[in-house]
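Participant: Right, I'll just put the structure down here and ask away after.
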Amino acid sequence: MKIAVEGCMHGALDKVYDTIKYIENTRNIKIDLLLCYGDFQAVRNGKDMDSLNVAPKYREMKSFWIYYSGQEVAPVPTIFIGGNNEASNYLWELYYVGWAAPNIYFLGYAVVVKFGNIRINGLSGIYNARNYCLGHHERPPYNDNTIRSVYHVREYNVHKLMHLEKLIDIFLSHDWPLSITDYGNWQQLVCCKKTFRRSSKELLEANLLLSCSKNSDHCIGFSSLALQIHRSC
C-alpha cells in the first residue's frame, strides 16, 4: 500500500490532487490513500468562514466546496484530522468521525479507523493548557475566545486513546512531536515565528525547574539552551 502524506492543506485540494496525479504518472505508481494531519479547511460556503480562525483578509473559499457539492470527487481516498485553522462549525458536526465529502473522511476528534489492514489513529486540534481539562462548551456563532478554544485538545479525548488495547500503525497529530526541533534549525524557527520563541522559552523554563530538582548537570544544560533562545534574535 502506498500512502501520501500532506501537511497543512489549507483548502487547496486541487493542487494536492494534481500533485498526486503527477507523481503517479511520472513514477508509474498508484497512491492508495492520502493522509492530511490538520489545517484541512473544509469550508463549504461563505458562512463557514465565520468559524475559521484566520484573519479576514486571508479567508478564501479555496476548492473544498467543489468536492462537498459533488461537482468533483476526490481521486484518492482522503483521511484528515483537524488543526487550528478549520471550519470548526462543520468539523463539530462530525465529532465522532464521518464523511466530510465523497471519498474524504474526517477522523473525528479522537478516533481509530481501519483502512485495509492499516489501523490509523488521530487526535484533532492543538494543545493548550488553559482548556485541556475543560469540556467543550463552544457553540456557533463563535466569539474571539471560543473560535480558538474549540480546536484545543481535551484531556478526556487523550484518555480515550490511552485505553486502546490493540496497537496502531499510524498516528496523526497537528502538534509537533516533543523535541522535534532538536533535529532541525530551531534558531531559524525562533527568529521567523515569535510565538514559537515564546512557547519554547516557557517549555524550557518548566523543564529547567524539573531538571534542577533532579540533576544539577541537566539544570546547566537547560539553562544554556534557554539563554541561547533568549539571545537568538
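The values are calculated or read from the model by the stated rules, or taken from the named source; none is laboratory data. What you are looking at is a predicted structure, and each value in this text was computed from that prediction instead of being measured. Quick reminder, even Gly has a Cβ in these numbers, built from the backbone with ideal geometry, and neighbours come from all protein chains shown.
Participant: Could you tell me which of the residues LEU178, LEU161 is surrounded by 15 or more Cβ atoms within 10 Å (Cβ to Cβ) and farther than 21 Å from ASN85 by Cβ? Walk me through it before giving the result.
Facilitator: Values: LEU178 fails: surrounded by 15 or more Cβ atoms within 10 Å (Cβ to Cβ).
The match here is LEU161.
Participant: Another one. Does ASN117 fit the bill of being in the same structural domain as LYS160 (by TED's automatic domain parsing) and buried (at least 18 other Cβ atoms within 10 Å of the Cβ)?
Facilitator: Details: in the same structural domain as LYS160 (by TED's automatic domain parsing): yes; buried (at least 18 other Cβ atoms within 10 Å of the Cβ): no.
Taking the combined requirement at face value, the residue does not satisfy it.
Participant: Which residue pairs have Cβ atoms under 6 Å apart, sit 6 or more places apart or on different chains, and have a first residue in the stretch 52-64 that is surrounded by 15 or more Cβ atoms within 10 Å (Cβ to Cβ) and a second that is acidic (Asp, Glu)?
Facilitator: SER63/ASP14
Participant: From ASN143, ASN131, which residue is modelled with pLDDT of 95 or more, of a type outside the set (Val, Ile, Thr) and exposed (fewer than 15 other Cβ atoms within 10 Å of the Cβ)?
Facilitator: Details: ASN131 fails: exposed (fewer than 15 other Cβ atoms within 10 Å of the Cβ).
The conditions single out ASN143.
Participant: Within the stretch 122-131, identify whether any single residue is touching a residue at least 12 places away in the same chain (Cβ under 8 Å), within 16 Å of PHE80 (Cα to Cα) and in a loop (DSSP other than H, G, I, E, B), and answer yes or no.
Facilitator: Yes, that holds for at least one residue.
Participant: Does the stretch 71-93 contain any residue that is of a type in the set (D, E, K, R) and surrounded by 19 or more Cβ atoms within 10 Å (Cβ to Cβ)?
Facilitator: Filtering the stretch 71-93 down to residues of a type in the set (D, E, K, R) leaves 72, 86, 93.
Filter again for surrounded by 19 or more Cβ atoms within 10 Å (Cβ to Cβ), leaving 86.
Yes; the residues of the stretch 71-93 include at least one that is of a type in the set (D, E, K, R) and surrounded by 19 or more Cβ atoms within 10 Å (Cβ to Cβ).
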